[in-house]
Every structure is written in structure tokens, then in C-alpha cells.
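Here is the structure we will look at.
The values are calculated or read from the model by the stated rules, or taken from the named source; none is laboratory data. Note that the coordinates shown come from a computational prediction; the quantities given were computed from them, not determined experimentally. Virtual Cβ from ideal backbone geometry, glycine too; neighbours counted across all protein chains shown.
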Amino acid sequence: MKFIQTLSAIVLGMLFPTMATAGTLPVIQNVDGYESLSLNGPWNYIVDVQEEGYYDYRMNPTPWGFFRNAKPQKPEDLIEYDFDLSPTMQIPGDWNTHDERLFFYEGTVWFKKSFNLSPAPSPLKHLLYFGAVNYECRVWVNGQQAGHHVGGFTPFNFDVSDLLKEGENTVIVKVDNKRHAEDVPTQIFDWWNYGGITRDVKLVKVTPVYLEDYSLTLSRKEDGGRTKEICFSAKLNKAEAGHEVTLFIPELRLEEHLTTDANGEVKSERIKVKSNRLQLWSPENPKLYQVQVCLDSTTIADQIGFRTIETRDKQILLNGQPIFLKGISIHNEKPNGGGRANSAEDARTLLSWAKELGCNFVRLAHYPHHEEMVREAEKMGLLVWSEIPVYWTIAWKNSKTYENARQQLTDMIIRDHNRANVIIWSIANETPHSAERDDFLGRLAQQARTLDNSRLISMAMEVTSAANYVNRLNDNMNKYVDVVSFNQYIGWYRDVNDAPKMTWEIPYNKPVIISEFGGGAKYGYHGPKNQRWTEEFQENLYRENIAMLDKIDGLSGTTPWILKDFRSPRRVLPHVQDFYNMKGLVSDKGEKKKAFFVLRQWYDTK
Ligand code: GCU
């Protein structure tokens, strides 16, 4: 009996970590500010359709799983897997566009990476950081479980200091991208379910007490224009008082020395700066300041812009001035064949097309994009709408689903809350009305405000009724959002030639953003404007929609659907869609369709 107990204790230790061994920590702020070992590059992988590497034939988690990275010790030993003899794929990357056998694959794939480490001089610690893994993953370091994560588009990190050793170390990751009703997103969504370790992996060195988070914003408060106030706050990973935190902004000759309180926090210091000295971030002048935040003897460098964003009645004000958001929606997908975008170069390619369109704003749909996308947009002067994948019909009554959505929202805000160009947090897209939905989304909106009250909250609603060409928006969520945004597809899913007759009833004294409109076209396919899929059809649809939307009272921006044709398993029309949603203004190769120029022309007038 004793032996069984010990065995099961060991098994449980390997499979279900006690938080002591490792565990998910709040995502560290500005991970690129820290010294780290990149674990990007080739990883061995094993496709495990029936999760043989995790469960025994009774579907109980097995202690002899692939996470042990076992090798035969004796000739008679039976080990039926070998990572080192298995193929490799480049990480970050998705398996769908790496291995054509896995193009449609949804299931489990195991990944293994070995690396050498001369142990960090104690007391330094190591955080194992993932930019994102889609969808659910379990991570082991040297056979010991480091942690578990759910959600495919936000970063997470584990403290693995106690699991590492001198010399060769091994990280093994079990990734599963199967879809379930209670997930976020739920079972169906109009984009490709790219699976894998889709963003950077790093082993980050930190001191035992480190800057878990810091925040720099510009207060909306004015004192007649002479000075402005920068708000600075910081939080340590430990509730320890007396730590020195110093903020340096050399270009502003700003140096602030602060000390943490008993909670290990420096709470919102208001630092006055002469207005004539501070350049505000804007699309025309995307000014970023070199900033250093020091904790005791560790210095973290960052690039931060300062601006204010707010609404006044039906206007959106950037730095106190009304702005029209000339936007476009974008999926986080590489051009030329698809695959998850994951580099600064991918970001620059997509964002430069948006700039060519005359945009000052991008809706990063429907989930947080990779960090470089947001940072490159910040450098290029593009404002950002960032969103979590609470998409279509989520399991509103399921508390685990809510916790999952709340965690994704929190991690999205933690990662990007110092980015001046991010102005809108979006909590949902096209969700059906119900009391459960309102409760779920209402709590998310409050969570977003609690975490960050310096930005605007929104979500993509849907037109509620459209009888007799009168389009009404009637959504209880209006009271939770700062900007009323909705998707409408007049000219495509509805009323092809009725755009000129349409009128709108939007009974809210808030700015309006049309978060989606558009239609499909195949680049190079030409014909009469009433012929679906021709460039002329899409061109005409844009013309009619623009004329219609321009009449909407309070219209403060649009993000048409969508910049580039993108992969979707829901789009199966041969020779036209071939698993691509064709609503792009550019093809997957970046070829500009006629409607591209119609939108640019309109934006030139804004
Ligand atoms: C929806 C949805 C998008 C989708 C688009 C379409 O509105 O939000 O994710 O791709 O419509 O039908 O093309």
C-alpha cells in the first residue's frame, strides 16, 4: 500500500504541479527589457492524435508520458517515441503551414527543445516565457511539470528556477488546439485554427525581487496648458517595502526616486512636465521617449509615448482634439500562404499596406496580436483597437469560461498598457443578446476599467433590427462602453442595392465606429458590378457603403473588413475561396483590389 501511495504521489507531482514546483505567475511587463536566452529555432515535434504521450489506454494520465523524454537504458527497454529522431519545426510557428500533413490538423502535438545552461549565479531566477501557444498547453522542464496554460493569443510565464540544472536542460510542451464549446473562442470562428508555439519562447533572467509591472500614462488633467502630468506606478513581484524605484526620461531631464510601500508598490506618482517640453504621441508625430525604470540595481529600458484619449459626446478626442479613425481590420496572419504572423517584419508588411490605404488606425481582430504588431504600429503612427476572442456564442453561464475570458483580457492589458497607440480595449465581437451575456460582458468591461481607466472600452455589436430600411442599434451593453461600435454587411449579406435608402437609429450620445463592413472579391476577377466576387462588385459595395455611412451622426471611425484575404475553414467555394475569406482589400499576396483605392480616396478626405 505504502509503495502505491508514494508512486501515486510521484505521479501526481509530475502530472499536476503543486504550485511549489512551478506555476503561472503574472505576465512580466516588457519582457524584452530583460536579459534572456531565446529558445526560438528548431524544436523536435511528435504528432500525438490520441494523446498516447499523456494518457494510458484507460485514458488516465500516465506517469510514463512523453514529458519524461525517456531513452532505452537496457537493450530490452521498450520506449516507443524518440524526440531526437523526430522531425523539427521552426518555433515560433504554427504546424498547419509548416507540415502539409497538418494543414487541417486539430489535436495534440508535442514539442521538445534542449539547451545548455551554466546555472545563473544565484540568487538570480529564471522565468520561462511564451509569447503565445494555441490553445491549451502543458510545459515540463527536465521532466518536471512547470505549468499549464489555456488561451492561444496572450503571453504567460513560469518560474522554473528550481527545475533547471547545469549543462543540458530540456523543455517539453504538449500543445492541444482542439476546439470546445466552453473555450474562448468557442467552437466556431471565421479564421484558421493555427496550432502550435506561435510566438517567441525565452528563458528570462530576473532578480528574486523584480518589477512585475510598471505604468506610465499622461493625465487628462490640464492646468491651463502650462504643465502636464505624467502618472507613474510600479509593482514588484513581492510585497516588500523599501525598494528603490527610479524613473529616468533623459530627454525630458526627468529623474524621480521613489520607494516601494509594504505591498511592494509605487502608487501613481504625478510628475509635472512643462507642456512645451513634452511632445505628444500622435499618428502625425509618433514620438516615443527612451525611458529607464530602475529597481535597486537593475535597469529596464522601454520606449514610451505620451498622449491622452477620451470621448466628449459623440467625438473621440486624441490629445484633446477630435479625431476621425481611418481604420482597417486585420488578422494576425502572414501574407503569401498564411500562417500566424510572429515577427516585426510580418507586422511591417501588413501595417505598411494599412498606411498606403491612408489609415491612422487598425482593428487587430479578433484576439491580441503578437507584441511586435502593436509596437511596430506605435512606431508607424497607427492607433490600435485590441480585442479578446469573446466571439459569437460563448458559454456565458460557464464560470470557467468567464475566468478564461477575464484572464485573457487581463493579460492583453498587462502586455500592452504602456503602448501609447493602443486606445481601445474591445471585449467582444458579434455576441447574441441575453441576460447571461450582458452579465458576462458587463463584468469584463468593469475588469478592463479597473485594470486601465486611461483608455476607451468598446465591443463589436450588431445592428438589432432593420425593418423598412431603418437600422436600429439597441444593445444593453451601450452603458458599459465608451464607443458604440457595430458590424454591418449591407451590400454583402444584406440588401445589395439598398444602401442609399438606409437610415440609422443609434440612440446613444457616444461616438460611433463601424467595426466591420465589406464584401468579397477575387483579385483579378473582373465583370459587371452586380457580379459577385468581381473586383467591380466589391468596389461598388464600398462606394455605396461609404456614402451611406458618411451620413451617420456621430460617426468617428471605421475599420472595414478586412485588409488582406485570410484563411478560414468556413470558406469552401472552389476556385474563389479555397479556404480563404476573400473580403480583403488586398489579396494574400498584397495585390490591391479596386475597392482599396475607393477607401483610400475617402480617407484622403477625412
Ligand atoms: C463577421 C465576423 C468576422 C467574419 C466576417 C465575415 O462579422 O466578425 O470574423 O470574418 O463577419 O463574414 O467575413
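Applying a threshold of 9 Å to beta carbon distances and a minimum spacing of six or more residues, or different chains, the list of pairs starting in segment 156-185 at a residue that is part of a loop (DSSP other than H, G, I, E, B) and ending at one that is hydroxyl-bearing (Ser, Thr, Tyr) and surrounded by fewer than 16 Cβ atoms within 10 Å (Cβ to Cβ) reads GLU166/SER118; ALA181/THR393. Taking the conditions (1) touching a residue at least 60 places away in the same chain (Cβ under 8 Å); (2) over 15 Å from GLY196 (Cβ atoms) in turn, ASN116 satisfies each one other than (1). Scanning segment 328-359 for residues that are away from the ligand (no atom under 16 Å from the Cβ) and either part of a helix (DSSP H, G or I) or out of contact with any Phe, Trp or Tyr (no Cβ under 8 Å at 6 or more places or on another chain) (or both) yields a total of 20. Can you find a residue in segment 435-453 that is in contact (Cβ under 8 Å) with a residue 24 or more places away in the chain, within 16 Å of the ligand (Cβ to nearest atom), closer than 15 Å to SER485 by Cα and out of contact with any helix residue (DSSP H, G or I) (no Cβ under 9 Å at 6 or more places or on another chain)? No - not one qualifying residue is present in segment 435-453. Residues that are on the phi < 0 side of the Ramachandran plot and either of a type in the set (Phe, Trp, Tyr) or touching a Ser or Thr at 6+ places or on another chain (Cβ under 6 Å) (or both) were ranked within segment 563-595; the one that is nearest to the ligand (Cβ to nearest atom) is ASN581.
Only residues that are in contact with a helix residue (DSSP H, G or I) (Cβ under 8 Å, 6 or more places away or on another chain), within 10 Å of the ligand (Cβ to nearest atom) and part of a strand (DSSP E or B) were counted across segment 498-518, and they come to 0. Counting residues in segment 453-476 that are at pLDDT 95 or above, under 20 Å from the mean Cα position of the chain (by Cα), more than 22 Å from THR559 (Cα to Cα) and charged (D, E, K, R) gives zero.
Within segment 319-334, being buried (at least 21 other Cβ atoms within 10 Å of the Cβ) and either over 20 Å from the mean Cα position of the chain (by Cα) or at pLDDT below 95 (or both) holds for ILE323, LEU325, LYS326. Search segment 454-497 for residues being among the acidic types (Asp, Glu) and touching a residue at least 40 places away in the same chain (Cβ under 8 Å), and hand back the single one that is nearest to the ligand (Cβ to nearest atom). In this case the residue turns out to be ASP475. One residue stands out among those in segment 477-506 that are exposed (fewer than 14 other Cβ atoms within 10 Å of the Cβ), more than 21 Å from ILE562 (Cβ to Cβ) and out of contact with any Leu (no Cβ under 9 Å at 6 or more places or on another chain): the one that is modelled with the highest pLDDT, which is LYS479.
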